[in-house]
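Undergrad: Structure provided below as structure tokens; questions to follow.
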Amino acid sequence: ILVCVALAGCQSAGTKPSGTTEWNQDATVEKIRMAPLSASSGVGGGSVDTTLSSSSIQLPDYVPVRRYQDVFTIEGTNKRVFVEYAWDYSAGTAVEKVYDEKGAEFRRTELPGTTISFTDREVELAIALTREDPRLANLFGSGDMNYYAGFAYREPEDPGCGEGSRCVHVIVSEGDGQRHVAHAIVDLMTRRVVHPQLDPGRFPDLIPGKS
């Protein structure tokens, strides 16, 4: 059974009180630099550059996606901890790490079969690979393109997006966003477009007044 780690309300395994504590920006937190971290909104523009080439984007082996402060009950005592979800590109799996309040890692759990959201840099790579795919190049020649990427795609029976993959939807529209252009699936593990058009029967919407 696939498990999806959501952007909000993500809870790690273990015994702990319900709910999440407020983040405390004290000197200790700043010193160990365990800043809170959230996944990308996935929308091109702002912090997501849609003009980059894929060759200019090199992802590290370990990519933290979400990090927050929580409290675990450890040996009968409540302890402040930092919980981090990441994607390990060297292992091809999601990872949960737990750090103590001094920033020392005390637990790492690999989460095979789990999908997690994406960082801005991962979204940029997915969009760049889609823009550069020769099977789609003729669709992006004119107009103001809108790019969105961010929903994980995992199909056990899909050889391109099964175990160990890091597949993501990339949706492209034009103008005000109402004209569909493309819906691709990109695997960031292999840096390739697995499905240039997930909906092969759907073509770009016609522009009114043009044949």
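Undergrad: Can you tell me which residue among Leu52, Leu7, Leu37 is hydrophobic (A, V, I, L, M, F, W, C) and modelled with pLDDT under 50?
TA: Working: Leu52 fails: modelled with pLDDT under 50; Leu37 fails: modelled with pLDDT under 50.
Every option except Leu7 fails the conditions.
Undergrad: Working only within segment 36-63, note down all residues that are among the β-branched types (Val, Ile, Thr), surrounded by fewer than 18 Cβ atoms within 10 Å (Cβ to Cβ) and not in a loop (DSSP other than H, G, I, E, B).
TA: Correct list: Val43 only.
Undergrad: Scan segment 106-118 for residues that are surrounded by fewer than 16 Cβ atoms within 10 Å (Cβ to Cβ) and either over 25 Å from the mean Cα position of the chain (by Cα) or of a type in the set (Ser, Thr, Tyr) (or both) and jot them down.
TA: Correct list: Thr109 only.
Undergrad: Count, please, the residues in segment 53-78 that happen to be within 21 Å of Tyr89 (Cα to Cα) and of a type outside the set (Ser, Thr, Tyr). Even if it seems obvious, please write down each step before you answer.
TA: Step one: of segment 53-78, the residues within 21 Å of Tyr89 (Cα to Cα) are 53-67.
Applying the additional criterion that residues be of a type outside the set (Ser, Thr, Tyr) yields 57-61, 63-67.
Residues in segment 53-78 being within 21 Å of Tyr89 (Cα to Cα) and of a type outside the set (Ser, Thr, Tyr): 10 in total.
Undergrad: Let me ask something additional. Identify the residue in segment 74-105 that is open to solvent by 60 Å² or more (accessible area, probe 1.4 Å) and closer than 17 Å to Tyr62 by Cα and, among all such residues, is modelled with the lowest pLDDT.
TA: Glu105
Undergrad: Given the residues Thr130, Thr109, which is the only one that is modelled with pLDDT of 95 or more and assigned to a strand (DSSP E or B)?
TA: Within the list Thr130, Thr109, the selection yields Thr109.
The values are calculated or read from the model by the stated rules, or taken from the named source; none is laboratory data. Just so it is clear, the structure is predicted and the values come from calculations on it, not from any experiment. Don't worry about glycine lacking a Cβ; one is built from the backbone with ideal geometry, like all the others, and counts go over all protein chains shown. When the accessible area is computed, the model is the full protein with side chains, heavy atoms only, and any ligands, DNA or RNA have been set aside. Shrake-Rupley method; radii C 1.70, N 1.55, O 1.52, S 1.80 Å.
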